[in-house]
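Visitor: Below is one structure. I have some questions about it.
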Amino acid sequence: MKPITYFILSALIIVQTSIKTKAQEEINYPKVNEQSYAYYLSGEWENLIKTGKKAKTAGIDFYFLKVRMGIAYYNLKKYIQSIPYLELALKDSPDDAIVLEYLYYAYVFSGRKSESLKLGAKFSPEMKKKLKIRSKAGFSA
């Protein structure tokens, strides 16, 4: 073969490889959902947060990602960072008991007592009993 043929073949291989690599790096809803759920189940909070940040940069945002991101930050004891995700998730699903509980404790542990009192006042009697919330005093010490 002539040198020009080798050059063209090499260039085609490089282009094809870079297209495959780029396709593998693409981020989409199904991939983010699958990855973030797997990280959630295995407790890989840092990886879940990285995936969530990449998704947000790519314009991908959905209810369960907000919940998972909030819980990931919470479990890393980054309560202040967990609050916006949990608040957004709560807007999507105001009666989600899991989100309510995580948000309540994120408020408590981040020193936002007034927010925890307001949120706790909206809880059902059963939820108040479970979380040991007193009706007037807010939360128990």
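Read-outs throughout are calculated quantities, based only on the coordinates presented, and are distinct from any laboratory measurement. As the structure is a prediction and not an experimental result, all values here were calculated from the model. Methodologically, a virtual Cβ is constructed for each residue, glycine included, from the backbone with ideal geometry; neighbour enumeration extends over all protein chains shown.
Visitor: By how many nm would the segment from Ser124 to Ser42 lengthen if fully extended, with 0.36 nm per residue of separation less the alpha-carbon distance?
Guide: 26.4 nm
Visitor: When the Karplus curve 6.51 cos²θ - 1.76 cosθ + 1.60 is applied with θ = phi - 60°, which whole-Hz ³J(HN,Hα) does each residue of the range 28-38 get, with x for Gly and Pro?
Guide: 8, 3, x, 5, 5, 4, 5, 5, 5, 5, 4
Visitor: A follow-up question, please. Using the Cα atoms of the range 43-127, I'd like the radius of gyration and the largest Cα-Cα distance, Dmax, both in angstrom.
Guide: For the range 43-127, the Cα-based Rg and Dmax read 12.8, 41 Å.
Visitor: May I ask you to order 97-106, 63-72 by the average number of other C-beta atoms within 10 Å around their residues, highest value first?
Guide: 63-72, 97-106
Visitor: Continuing with the same structure: In whole Hz and in residue order, list the ³J(HN,Hα) couplings for the range 44-60 that follow from phi through the Karplus curve 6.51 cos²θ - 1.76 cosθ + 1.60, θ = phi - 60°; x for Gly and Pro.
Guide: Taking θ as phi minus 60°, the curve returns 8, 5, 5, 5, 4, 5, 4, 4, x, 5, 4, 4, 4, 4, 7, x, 9 Hz for the range 44-60.
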